[in-house]
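Down below is the structure, laid out as structure tokens.
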Amino acid sequence: MKLTRRDFLTNLGYGSFLVASGALAALFARFLTPNIVTPAPGPVEIGSPDQYALGSLTHIENARVYLGRDERGFYAISAICTHLGCAPRLDGDEFACPCHGSRFARDGRVLSAPATRPLDRVFVGRSANGKLFVERSRQVDADYRLV
Amino acid sequence: MKFWRKEKSILYALHPEKIPASGARLTYTFGLGGIAVLASLVTLLTGVALTFYYVPTPTDAHASIILIQDVVSFGAVMRGLHYWGAQVMVVAVTLHLARVVFTGGYRPPREFNWLIGVALLVITLVWDFTGYVLRWDDGAYWAFLVGTNLLREIPAYGETIYRAIVGDAQIGANALLRFYGWHIFGLTAAGVFGIVYHLWRLRKDGGISRPVLDENETREFISRDELFFREFITSALISAALVFLTLIFPAPIGTAANLDAGVSDVRAPWIFLWVQNLLRVIPPLWAGIIAPMFVLALIIALPFLDRRGPGRAIWFARERWKPQAILVVIAIVLSALSVLEVWR
């Protein structure tokens with residue numbers, strides 16, 4: 001089959017249109033993807049250490065954590081389900097997620113699916129004025145304690 | 001000078017002079033396509049009105065809906081018609097799809113219009129979900145959170161897709177504004193274009209599907225005026241039903257979304273209850289992305305699984321058992337999963 005000049009130019013025209021359409025679609029997709037996102041929240045102050053009794057586990061809503069205190073010190077368990085991000089709540093001695101039924105032990109271990117990862121541990125610190133703060137963006141391991 | 005001439009009305013351009021009586025039979029189409037169009041028009045009209053009071057920001061969205069419900073004159077009616085129009089649209093589009101499968105309406109030359117129709121089903125569902133999110137109440141917020149977090153489960157490109165859709169690293173003001181933009185402009189443009197294309201293509205494909213005639217049969221027709229009359233009666237009945245639904249069952253609205261507090265009971269919008277149920281038992285990528293895509297692919301493929309002989313325009317024709325059986329299985333599985341999710 002011989003390619004005539006007319007066919008060649010026609011195909012070139014269609015081809016250019018196709019490329020330009022693809023480029024336009026890519027431009028739109030890139031436009032929709034933000035270059036700047038809201039920064040992760042900084043430290044949240046959560047009061048003085050003596051507000052939290054030994055052995056307690058307290059829901060701190062604005063920091064989205066449960067603050068615990070045991071004989072080794074303070075620790076914070078993230079109140080964000082590792083399955084799809086719902087908010088697990090304390091149900092007796094376990095965390096229960098209302099969205100898809102995941103359950104976690106008091107220390108954040110997975111007790112029942114669909115979650116597969118334990119609840120994250122979040123950094124707890126003490127500021128210069130002696131108050132406690134938690135920092136969601138800093139993850140720590142399960143052994144971490146603020147003494 | 002005569003300003004009004006019936007035969008120059010736009011409605012004349014939109015309707016053929018006559019259509020075959022067999023295609024227009026109530027027990028053949030049940031008027032479902034037309035009902036979907038009417039519901040979309042009601043939803044569109046009331047939606048435009050709602051934009052004048054609704055404020056798409058996390059701090060004001062819920063309060064502006066309460067204002068519409070409790071302070072604005074006929075606000076609850078306007079929002080109720082928007083809500084019920086959308087629900088009727090979802091139901092009518094779904095039943096219309098089922099009707100087309102059970103009567104073989106997708107058969108050549110109508111396969112392309114089937115694809116436009118499936119695209120319209122997807123647009124309708126996304127339209128519905130983006131609207132649900134705009135409530136910004138407790139239920140909608142958590143459904144929004146879960147629905148968008150599912151995008152992150154897509155391998156490799158999940159986070160990029162998430163950000164392109166949500167517009168941020170987490171849901172908040174940007175996400176609400178974007179879903180509002182998609183709801184009132186993006187999906188509306190796609191939906192209106194799709195509906196018009198679907199109707200135009202129906203005309204080009206020779207109108208509503210109908211049985212092949214025997215040699216000694218003659219085709220019967222109904223006139224344009226008869227068609228107008230039937231459309232008018234159907235529209236009046238459906239409009240009345242929408243008003244009754246609105247007055248008896250007000251459009252739901254929960255308490256304002258609280259991003260910090262844990263919630264006790266979270267439920268997906270009813271069209272996605274089956275996904276919520278699947279998410280309890282299988283990994284998120286499979287339950288939330290692959291399973292819906294698989295169902296969609298099956299639906300798209302239905303006409304192409306049926307290449308045999310006649311049977312068009314006959315309810316439950318035996319030679320077309322394959323697509324019908326697949327649709328019945330899909331319907332049973334999705335309904336069972338949804339019902340179990342509600343009963344648990």
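The values are calculated or read from the model by the stated rules, or taken from the named source; none is laboratory data. Since we're looking at a predicted model, the values are computed, not measured. We place every Cβ from the backbone using ideal geometry, glycine too, and count neighbours over all the protein chains shown. Calculation scope for accessible area: heavy atoms of the full protein, side chains included, ligands and nucleic acids excluded. Shrake-Rupley method; radii C 1.70, N 1.55, O 1.52, S 1.80 Å.
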Query raised in the report: Out of all the residues in the stretch B:313-325, which are among the hydrophobic types (A, V, I, L, M, F, W, C) and either open to solvent by 50 Å² or more (accessible area, probe 1.4 Å) or modelled with pLDDT of 95 or more (or both)?
Result: B:314, B:315, B:316, B:321
Query raised in the report: Looking at this structure, is residue B:91 part of a helix (DSSP H, G or I), open to solvent by 20 Å² or more (accessible area, probe 1.4 Å), hydrophobic (A, V, I, L, M, F, W, C) and at pLDDT 95 or above?
Result: yes
Report task. Kindly establish whether residue A:96 is more than 14 Å from every other protein chain (Cβ to nearest Cβ), of a type in the set (A, V, I, L, M) and open to solvent by less than 30 Å² (accessible area, probe 1.4 Å). Result -> no
**Report entry** Selected residue (only one of A:42, A:13 is outside any strand (DSSP E or B), more than 9 Å from every other protein chain (Cβ to nearest Cβ) and under 15 Å from residue A:124 (Cβ atoms))
**Finding:** A:42
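Conditions (1) closer than 30 Å to residue B:173 by Cβ; (2) open to solvent by 40 Å² or more (accessible area, probe 1.4 Å); (3) in contact with a helix residue (DSSP H, G or I) (Cβ under 6 Å, 6 or more places away or on another chain), marked per residue:
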{"residue": "B:21", "(1), (2), (3)": "no, no, no"}
{"residue": "B:38", "(1), (2), (3)": "no, no, yes"}
{"residue": "B:43", "(1), (2), (3)": "yes, no, yes"}
{"residue": "B:46", "(1), (2), (3)": "yes, no, yes"}
{"residue": "B:75", "(1), (2), (3)": "yes, no, yes"}
{"residue": "B:80", "(1), (2), (3)": "yes, no, yes"}
{"residue": "B:87", "(1), (2), (3)": "yes, no, no"}
Query raised in the report: Regarding residue B:240, is this residue free of Cβ contacts under 8 Å to residues at least 60 places away in the same chain and away from chain A (no Cβ under 11 Å)?
Result: yes
Report task. Identify, by number, the condition in (1) farther than 29 Å from residue B:150 by Cα; (2) more than 13 Å from chain B (Cβ to nearest Cβ); (3) in contact with a helix residue (DSSP H, G or I) (Cβ under 8 Å, 6 or more places away or on another chain) that residue A:47 doesn't meet. Result -> (3)
**Report entry** the stretch A:40-70, subset open to solvent by 50 Å² or more (accessible area, probe 1.4 Å) and among the acidic types (Asp, Glu), residue modelled with the highest pLDDT
**Finding:** A:45
Report summary line: By residue number, the members of the stretch A:102-147 that are more than 23 Å from residue A:72 (Cα to Cα) and surrounded by 18 or more Cβ atoms within 10 Å (Cβ to Cβ) are A:102, A:114, A:115
Requested in this report: Considering every residue within the stretch A:111-119, establish whether at least one is over 14 Å from the mean Cα position of the chain (by Cα) and away from chain B (no Cβ under 14 Å).
Outcome: yes
